[in-house]
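Before any comments, here is the structure.
Every read-out reported here was derived from the displayed coordinates using simple, explicitly stated rules and does not represent laboratory data. These figures come from a predicted structure and were not determined experimentally. Every residue, glycine among them, receives a Cβ derived from its backbone with ideal geometry; neighbour counts consider all protein chains shown.
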Amino acid sequence: MSLYQATASAPVNIACIKYWGKRDTKLILPTNSSLSVTLDQDYLKSTTTSRADPSFEKDQLWLNGSEDEIKPGSRLETCIKEMKRLRKQEVEDKDPSAPKLSTMHVRIASYNNFPTAAGLASSASGFAALVSSLAALYALPVSPSTLSLIARQGSGSACRSLFGGFVAWEMGTKADGSDSLAVEVAPQSHWPSLHAIICVVNDAKKGTSSTSGMQRTVETSPLLQHRIKHVVPQRMADISKAILQRDFDSFARITMQDSNQFHAVALDTDPPIFYMNDVSKAIVALVTEYNRIAIEKTGKRKAAYTYDAGPNAVIYVEQENAKEIVDMILQYFPDAAANFKDVFGLYANDAKKGAVI
Ligand code: ADP
Ligand code: DP6
Ligand code: CO
């Protein structure tokens, strides 16, 4: 075994204000800021081991046990190159006795404990874990925000998985991307009663990847232009305030509005993109009815759905209402029952077992 090896894990994050659109596809600079919640370490996560050795003849990566080619000019290549550059700059140039790991090739093995490329944010946990494992291997004395600049160049949403809790990706204004990074809005401990229920509707690989889908949206959707100029900036401010005040009703309203607008923008793309299916829409109807009753009784919402680029629902809920909503989902989708889990306070149906709703 090599002397130089490190392992790191990163959880997925699920956006409340969605990133959808790039102003620079090479550096991965977004057309709008976004905000997400990073889920508990122990459920949907990527675990990555990186090893450096003078005998390795090239950089190599295995994803879930099969080799994934590192193509020249690819995002993987960029991330690895940038991490080696930081190793040289932050460690080897400052301490001449430090081993010259930046000159050695690396072998990287990564595993996702949930479906890859199915709209459950594997690119987010995947690139965050990759960057974290290389940062550990290289003993880099840098902040999560600095690492987020590199994870961003692997997959935009990955920059937000370098932090736990509530995280904003500030779009930045600079052409070199040096101010397009993740910052913590609040740690998970700020609002520990907020739970996420993951409803796996379909765990198959999606038809349109996030990367190609959002590029087509940027090129063809007039609605996207309205969204990035006139909608997202106010929503970023409003949801940050709601989080800081633990105001679930506002958090829920903004989260659902933004999920709806993201899917409207996908539909406004030419040709259109449909990520939600009939089961996704049935879950929207269920949560809407649940909230209607709650509003009638208390004036406040009790649940918030959100969908990324796929049919799977994530429902944010306060802990005290989690059982009620899980029971309601099970009543309408009884097949899900066998696979529902309560893992570390996070309710989820088992993504590994397939389409269960
Ligand atoms: P998702 O909705 O799962 O994020 P994307 O289309 O955004 O789907 O990204 C999927 C791609 O992310 C995969 O095809 C792979 O290239 C990359 N990816 C996923 N998991 C990992 C990982 N653990 N390590 C490195 N790259 C990964
Ligand atoms: C709908 O980060 O997967 O999940 O930057 O091209 O890799 P690339 O795309 P990716 O897009 C995520 C889109 C989203 C919304 C979000 O996570 O903010
Ligand atoms: Co992704």
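According to the square roots a ≥ b ≥ c of the eigenvalues of the Cα gyration tensor, what is the shape class of the stretch 221-357, taking rounded for a/c under 1.5, prolate for a/b larger than b/c otherwise, and oblate for the remainder? Intermediate values should be presented prior to the final figure.
Values: a/c = 1.97, a/b = 1.23, b/c = 1.60.
It comes out oblate by the Cα gyration axes.
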(message) Would the stretch 124-236 count as rounded, prolate or oblate if I go by the C-alpha gyration tensor, calling it rounded below 1.5 in a/c and otherwise prolate when a/b exceeds b/c, oblate otherwise?
(response) rounded
(request) Please list, in chain and number order, the residues 5+ apart from Lys341 or on another chain whose amide H is under 5 Å from its amide H, with Hs placed from the backbone. (result) Ala348, Asn349, Asp350
(request) Once you've got the Cα coordinates, tell me which of Lys22/Lys300; Lys26/Lys281; Lys84/Lys174 are over 26 Å apart. (result) Lys22/Lys300; Lys26/Lys281
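Would you mind computing Rg(Cα) / (2.2 N^0.38 Å) for the chain, counting N as its residues? Intermediate values should be presented prior to the final figure.
Values: Rg = 20.4 Å, N = 357, 2.2 N^0.38 = 20.5 Å.
Its radius of gyration relative to the 2.2 N^0.38 Å reference: 0.99.
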(request) Mind listing the long-range amide H neighbours of Ala117? Cut-off is under 5 Å, sequence gap 5 or more, other chains count too, H placed in the peptide plane at 1.01 Å from N. (result) Ser122, Ser123
(message) Once you keep just the Cα pairs under 8 angstrom separated by 6 or more residues, what percentage relative contact order results for the chain?
(response) 20
(request) Return the single residue from Ile243, Ile14, Ile150 with maximal mean-square fluctuation; model: Gaussian network over the chain, springs between Cα atoms under 10 Å. (result) Ile243
(message) Run through the stretch 267-334 and list the chymotrypsin sites (Phe, Trp or Tyr not before Pro) located in a DSSP loop whose Cβ has at most 15 other Cβ atoms within 10 Å.
(response) Phe274
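Given axes a ≥ b ≥ c from the Cα gyration tensor, I'd like to know whether the stretch 189-252 is rounded (a/c under 1.5), prolate (a/b larger than b/c) or oblate.
On the way: a/c = 3.52, a/b = 1.29, b/c = 2.72.
Oblate is the answer for the stretch 189-252, as a/c is 1.5 or above yet b/c matches or exceeds a/b.
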(request) Can you check what the net charge comes to around Asn321, using other residues whose Cβ is under 13 Å from the Cβ of Asn321 (Lys, Arg +1; Asp, Glu -1)? (result) 0
(request) Give me the angle, in degrees from 0 to 90, between the Cα long axis of helix 75-87 and the longest principal axis of the Cα atoms of the chain, rounded to the nearest 10. (result) 60
(request) Report the residue, chosen from Val142, Val183, Val167, that carries the largest GNM mean-square fluctuation when the chain is represented by alpha-carbon nodes joined by springs under 10 Å. (result) Val142
(message) Can you compute 3J(HN,Hα) from phi for each residue in the stretch 311-316, using the Karplus curve 6.51 cos²θ - 1.76 cosθ + 1.60 with θ = phi - 60°, rounded to whole Hz and x for Gly and Pro?
(response) x, 7, 8, 10, 10, 8
(request) Calculate the dipole size of the chain relative to its Cα centre from +1 charges on Lys and Arg beta carbons and -1 charges on Asp and Glu beta carbons; express the result in debye to the nearest 20. (result) 460
(request) Would you be so kind as to identify which of Asn260, Thr146, Ala336 lies farthest towards the positive end of the dipole of the chain, taking Lys and Arg as +1 and Asp and Glu as -1 on Cβ and the Cα centre as origin? (result) Thr146
(message) Using a Gaussian network model on the chain with a 10 Å cutoff between Cα atoms, which of Ser102, Ser180, Ser46 fluctuates the most?
(response) Ser102
(request) Using Cα centres only, tell me the gap between the stretch 274-295 and the stretch 102-136 in whole Å. (result) 33
(message) Restricting to DSSP loop positions (anything but H, G, I, E, B) with no more than 16 other Cβ atoms inside 10 Å of their own Cβ, which trypsin sites (Lys or Arg not before Pro) remain in the stretch 74-145?
(response) Lys94, Lys100
(request) Determine the sum of side-chain charges near Thr220: Lys and Arg each +1, Asp and Glu each -1, restricted to other residues whose C-beta is under 10 angstrom from that of Thr220. (result) -2
(message) Going Cα to Cα from Lys206, which aspartates and glutamates come in below 14 Å? Please leave out same-chain ones fewer than 8 positions away.
(response) Asp308
(request) Assign unit charges at the C-beta atoms only (+1 for Lys and Arg, -1 for Asp and Glu), then state the dipole size of the stretch 210-343 relative to its Cα centre in Debye, rounded to the nearest 20. (result) 380
(message) Suppose every Lys and Arg Cβ carries +1 and every Asp and Glu Cβ carries -1, with no other charges. What dipole size does the stretch 188-289 come out with about its Cα centre, to the nearest 20 debye?
(response) 220
(request) Mind checking which of Val91, Ala118, Leu29 is farthest towards the positive end of the stretch 1-120's charge dipole, using Cβ charges of +1 (Lys, Arg) and -1 (Asp, Glu) about the Cα centre? (result) Leu29
(request) Return the long-range amide H neighbours of Tyr4 (sequence gap of 5 or more, or a different chain), with a cut-off of under 5 Å between placed amide H atoms. (result) Ala52
